[in-house]
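Input: a single structure, listed below in structure tokens.
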Amino acid sequence: MAKLLCSHISLVCLLFCLSDVVTQLTGETALQCPTGRDGRDGQPGPPGLNGRDGIPGAAGRDGKDGAPGRDGGAGLNGEKGDTGDTGLQGAAGIPGTCPPCQLPKRNITHCTWDASNDDRDSGVIHQCSLIKQRGQTAILVRWTGNLRSKTTGSKTCSRWWITFNGVECDDPARIDVQIYNGMSGHNFLAPSIVEGICYNIEEGTVNVQLHVGDCRPGNEHGDAYTGWNSVSRMIIEEIEL
């Protein structure tokens, strides 16, 4: 069957060729055949080879910023760094002011008597004065010199004491010394100190006096002597409590 179909097709093709030759020789159209129908679609061919890669496209636009992430956990402590270099010395600061913090100058008086040689057995021996500046302060007094109390009969004791404006201190206590000598005819002169602090003394002029007289309690004074051939001194100072 296939061979018969092929022979038929070959005959048709030959007729067309002869018709075309006649037309060329005579100028007349020979046999005109009707147009045949389109043949059936052939079977699909095998897939072709992959094409080459295309040219890279242009870069796209940046996307929007994302939402902030959560805080991360605390990291481990880093190692201790090296000690830095010593910095330059800064400029001197402005002097501070604190009047209540400033210590006042010392309020002090110093009196001296050279070779008093005072043989009185009672009365005021020395006096020195201080102007007290504040009522809430105290007064420190120190008298130094040599003293003697010699026995005369039954009188064996002498007392020296300090007064402030004629009154003995009572806060906290009296400021005094007593010398007892029970050896008849014994004449011994010794360096001595009469010293103490007194509170509750009003501001203003304060006369500080050294007295000599009877011993306490009620013993009559002996043969007293103050400041034999040497310097006696009294130092008075106003001090903070």
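Which residues' amide hydrogens lie under 5 Å from the amide hydrogen of Trp228, considering only partners 5 or more residues apart or on another chain, with H built in the peptide plane?
It is Asn117, Asn146, by chain and number.
Could you give me the ³J(HN,Hα) list for region 61-70, computed from phi with Karplus coefficients 6.51, -1.76, 1.60 and θ = phi - 60°, whole Hz, x at Gly and Pro?
These are the phi-based 3J(HN,Hα) values: 6, 4, x, 5, 4, x, 5, x, x, 5 Hz.
Report, by chain and number, residues whose modeled amide H sits under 5 Å from the one on Lys150, excluding near sequence neighbours (fewer than 5 apart, same chain).
Excluding prolines and chain starts, which carry no amide H, the hits are Asp223, Ala224.
What number comes out for accessible area per residue over region 202-241 if the probe is 1.4 Å? Units Å², please.
Numbers: 1970 Å² over 40 residues.
I get 49 Å² per residue for this part.
Assuming R0 = 35 Å, can you tell me the calculated FRET efficiency for the pair Val231 and Ile131, based on Cβ-Cβ distance, to the nearest 0.05?
Efficiency computed from Cβ-Cβ geometry: 0.90.
Quantify, in whole percent, the carbon and sulfur part of the accessible surface of region 62-183 (1.4 Å probe; protein heavy atoms only). Let's see the in-between values first.
Working: 4440 of 9060 Å².
The C+S portion of the solvent-accessible surface of region 62-183 is 49 percent.
What length, rounded to one decimal in nm, is gained on full extension from Asn117 through to Asn187, with 0.36 nm per residue of separation minus their alpha-carbon distance?
Full extension of this stretch gives 23.8 nm more.
May I ask you to give the solvent-accessible area per residue for region 120-160, in square angstrom, as obtained with a 1.4 angstrom probe?
Computed with neighbouring chains in place, this is 39 Å² per residue.
What order, most packed first, do the peptides 186-196, 208-218 have when packing is the mean number of other Cβ atoms within 10 Å of each residue?
Listed from highest to lowest mean packing, they are 208-218, 186-196.
The values are calculated or read from the model by the stated rules, or taken from the named source; none is laboratory data. A quick note: this is a predicted structure, and the numbers were derived from the prediction, not measured. Methodologically, a virtual Cβ is constructed for each residue, glycine included, from the backbone with ideal geometry; neighbour enumeration extends over all protein chains shown. When the accessible area is computed, the model is the full protein with side chains, heavy atoms only, and any ligands, DNA or RNA have been set aside. Shrake-Rupley method; radii C 1.70, N 1.55, O 1.52, S 1.80 Å.
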